[in-house]
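Enquirer: Questions regarding the structure given below will be posed in turn.
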Amino acid sequence: MQAEIFVGALTVSVAGGIMSLDRTAAFQTMVSRPIVAGPVTGYLLSNIEAGLVSGMVLELLFIGDLPVGAYLPAHETALTVLVTALMAVMLGVAGSAGHAFKALPIALVIAVPFGRVYKSADDAARRVNYSIYKRAEEIIEKGHDISLLKENLKGAFVFFSLTAAALFVTCLPLMYAAHFLAGRREWGISPALYPAFFGALALGISASYNAAYGSRASLAAFFAAGAVPAIALAVFAG
């Protein structure tokens, strides 16, 4: 199991680094959003249930927190990867399906403080890329040839490498800790955590409503999107 956790942490860290490129560095196809990143991470860890539940709730929580201009939001992709990884480990120890709603509150409490690590990695990547941009600008002003594609790839690699490294150094020890704690009876996944899950879901719905408020089109999309958690709840609850 120890080797499986190491391989799993490495795999989701690389995958998380690649998906994080979609935030600002490349692509912009929305694969970095929690609703996609969660299921992808769950699939890689052979627990799609964990990914669906975490992706659903974290998408609601972070749907209005976007990297616009100089604003540096929470790193929703990395947080989703970490939350899903912790849930997958805990559910693996539990040995049965249907516990994702109870595992999510524990994973959120553990993961959220580490959001500052991912935010710092994102900030560092932006600073390094700014220096790459200034260097390229100086070369162009001097009339020298430069491959702009190469410079863009450098910037994308900086985002990937720093995010993947931040994920690995957090995922690996926390996944080991989650495996240890989930195996102890006093730290087991209790049915009493169901209310905590619904609290997290309600907070996410509130956050997404606040992000959509003021636009009729956004409100319509918000209420339409409300069908997703309702369907997910119906599927997993019954």
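The values are calculated or read from the model by the stated rules, or taken from the named source; none is laboratory data. As the structure is a computational prediction, the values presented were derived from the model and not from experiment. Counting neighbours? That spans all protein chains shown, and the Cβs are built from the backbone with ideal geometry, glycine included. With ligands, DNA and RNA removed, areas are computed over all heavy atoms of the protein, side chains included. Shrake-Rupley method; radii C 1.70, N 1.55, O 1.52, S 1.80 Å.
Enquirer: So Arg23 ticks every box in (1) farther than 20 Å from Gly115 by Cβ; (2) in contact with a helix residue (DSSP H, G or I) (Cβ under 9 Å, 6 or more places away or on another chain) but one. Which box is left unticked?
Expert: Failed condition: (1).
Enquirer: For Glu49, which of the numbered conditions (1) more than 26 Å from Gly183 (Cβ to Cβ); (2) in contact with a Leu (Cβ under 9 Å, 6 or more places away or on another chain); (3) at pLDDT below 90 fails to hold?
Expert: (1)
Enquirer: Exactly one condition in (1) part of a helix (DSSP H, G or I); (2) open to solvent by 20 Å² or more (accessible area, probe 1.4 Å) is not met by Asp22; state its number.
Expert: Of the numbered conditions (1) part of a helix (DSSP H, G or I); (2) open to solvent by 20 Å² or more (accessible area, probe 1.4 Å), the odd one out for Asp22 is (2).
Quick grid of which residues meet (1) in contact with a helix residue (DSSP H, G or I) (Cβ under 6 Å, 6 or more places away or on another chain); (2) more than 23 Å from Ala70 (Cβ to Cβ):
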{"residue": "Ser131", "(1), (2)": "no, no"}
{"residue": "Glu138", "(1), (2)": "no, no"}
{"residue": "His144", "(1), (2)": "no, yes"}
{"residue": "Leu162", "(1), (2)": "yes, no"}
{"residue": "Ala177", "(1), (2)": "no, yes"}
{"residue": "Phe180", "(1), (2)": "no, yes"}
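Enquirer: A further question on this structure: Among helices (runs of 4 or more DSSP H) lying entirely in the range 132-238, which contain 2 or more residues that are surrounded by fewer than 12 Cβ atoms within 10 Å (Cβ to Cβ) and modelled with pLDDT under 60?
Expert: 216-225, 227-237
Enquirer: Still on this structure: Just one of the numbered conditions (1) over 19 Å from Ala124 (Cα atoms); (2) open to solvent by less than 40 Å² (accessible area, probe 1.4 Å) is not true of Gly64; which one?
Expert: (2)
Enquirer: Would you mention how many residues in the range 25-46 are open to solvent by less than 20 Å² (accessible area, probe 1.4 Å) and either modelled with pLDDT under 90 or assigned to a helix (DSSP H, G or I) (or both)?
Expert: Residues flagged as open to solvent by less than 20 Å² (accessible area, probe 1.4 Å) and either modelled with pLDDT under 90 or assigned to a helix (DSSP H, G or I) (or both) within the range 25-46 amount to 5.
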